[in-house]
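Reviewing the structure listed below.
The values are calculated or read from the model by the stated rules, or taken from the named source; none is laboratory data. No experiment lies behind these values; they were computed from the predicted model shown. Here the Cβ positions follow ideal geometry from the backbone for every residue, glycine too, while neighbour counts run over all protein chains shown.
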Amino acid sequence: MQLSIVVKAAAVIALIAAIATSFTWHDQNVPSAPPPVPVDMSRMSLARAIVHCRALWAQQAELAPLAIAWQPQQLDWYVLAWPDTASMVRITCNGQGMGGGERFVRAPAGSLTQKEMQTRNLFDYYTQLPDTGVAALEAVHDPQAPASAAPIERRWAADGRLLTAQSSRAQFPLLFARPPKLDPSEYPALVQLKPHRWLEQPDAVFAVLERHLPAGVRVAEVSFNNDSINVTIHGSFSVSQGLPNLPFGDVRYDAYGVPNFDTFYPSATSTGGCTPGRSLADIKALFAERTNAKHRELIAFTFSCTSPRAPTGRWHGNIPSRSKGQR
């Protein structure tokens, strides 16, 4: 895979992570952009809401949605955060701006690729339809024929009645992030995936690495905090045609254990990398020997070869830096 494609996909995933972070973890001391000017979406039609929200989304990146859910004052849509295709990420747009970032089991299940969904972009499809007067709408791609078939829909009246005919094809879970006043009793909720807190679940860290890293790999460096795991391995990694391969490969796993690339990102160096590297089993065993794994102030763990006292690598915990006046 060419590096430019990998970078583009990673940028989209980073954007989704940034949206989730900005709306979920308010206690982090990081600069934030000024909030958008509030907009009254209560009188917007579906088409106008899509145009408004799509403009906000496209300022940074855009993926064709797998599914959408619209009601007055809010538009939700779901995208595949490649390379994971078994789950989907919800993006929410309302009068206050954009939010979301939660990850759910993909519904309805299917194998549509991002390219296939782009062929009939649900945003394009619904901005071209006349206003039908419905009070709320849910729509998903037809998994059998995304390029030629109309989306599978549920349309709702203002009094909560389902306007579209009951159909086995429309038995997908409710897609609204904030359910409107309707009668959704026969439709299940989406299955939300629970993010890990890696510092509290180190066994889960190694389970992810054992599941994803190649057998026999030599690991140069590992670090993890509550939200992500970063790994650098030894190998030979292609940059692009005509350029020499690079000796290190990097990958990052988010709080759900989903990698940011479907391959390792090539790198020329490793800041604290161990040469020739250690086996994953060795690194796991060294972590088990630690005595401060439950230290309440830890913000990260790192395995590296930066210490002269441990030329073959050791784990060390990171705690917040303190000024001289702090105890």
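Here is the figure for region 290-300: residues that are modelled with pLDDT of 60 or more and either within 20 Å of residue 231 (Cα to Cα) or among the aromatic types (Phe, Trp, Tyr) (or both) total 4. Please find, among 88, 1, the residue that is at pLDDT 90 or above, closer than 30 Å to residue 237 by Cα, of a type in the set (A, V, I, L, M, F, W, C) and out of contact with any Pro (no Cβ under 8 Å at 6 or more places or on another chain). It is 88.
The number of residues in region 105-133 that are surrounded by 18 or more Cβ atoms within 10 Å (Cβ to Cβ) and either out of contact with any helix residue (DSSP H, G or I) (no Cβ under 9 Å at 6 or more places or on another chain) or touching a residue at least 60 places away in the same chain (Cβ under 8 Å) (or both) comes to 7. The set of residues in region 103-128 that are of a type in the set (Lys, Arg), in contact with a strand residue (DSSP E or B) (Cβ under 8 Å, 6 or more places away or on another chain) and not in a loop (DSSP other than H, G, I, E, B) contains only 103. Tell me whether region 258-267 contains one or more residues that are surrounded by 17 or more Cβ atoms within 10 Å (Cβ to Cβ), under 18 Å from residue 202 (Cα atoms) and touching a residue at least 60 places away in the same chain (Cβ under 8 Å). Yes, there is a match, as at least one residue in region 258-267 is surrounded by 17 or more Cβ atoms within 10 Å (Cβ to Cβ), under 18 Å from residue 202 (Cα atoms) and touching a residue at least 60 places away in the same chain (Cβ under 8 Å).
Among the residues of region 191-219, those that are over 19 Å from the mean Cα position of the chain (by Cα), within 14 Å of residue 283 (Cβ to Cβ) and touching a residue at least 60 places away in the same chain (Cβ under 8 Å) comprise 202, 206, 210, 213, 216, 217, 218, 219.
To keep it simple, each residue is scored yes or no on (1) of a type in the set (Lys, Arg); (2) not in a strand (DSSP E or B).
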| residue | (1), (2) |
| --- | --- |
| 78 | no, no |
| 92 | no, no |
| 98 | no, no |
| 101 | no, no |
| 130 | no, yes |
| 138 | no, no |
| 181 | yes, yes |
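Of everything in region 178-190 that's surrounded by fewer than 19 Cβ atoms within 10 Å (Cβ to Cβ) and in contact (Cβ under 8 Å) with a residue 60 or more places away in the chain, which residue is farthest from the chain's Cα centre (by Cα)? Result: 180.
Looking only at residues in region 161-178 that are assigned to a loop (DSSP other than H, G, I, E, B) and within 24 Å of residue 53 (Cβ to Cβ), which one is modelled with the lowest pLDDT?
Initially, region 161-178 is screened for residues assigned to a loop (DSSP other than H, G, I, E, B), giving 161, 163-167, 171-173, 175-178.
Filter once more, so that each one left must be within 24 Å of residue 53 (Cβ to Cβ): 163-164, 172-173, 175-178.
Details: 163: 84, 164: 77, 172: 88, 173: 91, 175: 93, 176: 92, 177: 88, 178: 81.
Among residues in region 161-178 that are assigned to a loop (DSSP other than H, G, I, E, B) and within 24 Å of residue 53 (Cβ to Cβ), the one modelled with the lowest pLDDT is 164.
Number of residues in region 183-207 that are out of contact with any Gly (no Cβ under 7 Å at 6 or more places or on another chain), at pLDDT 90 or above, assigned to a loop (DSSP other than H, G, I, E, B) and not hydrophobic (A, V, I, L, M, F, W, C) equals 4. For region 228-257, filtering for residues that are under 18 Å from the mean Cα position of the chain (by Cα), touching a residue at least 40 places away in the same chain (Cβ under 8 Å) and assigned to a loop (DSSP other than H, G, I, E, B) leaves 4.
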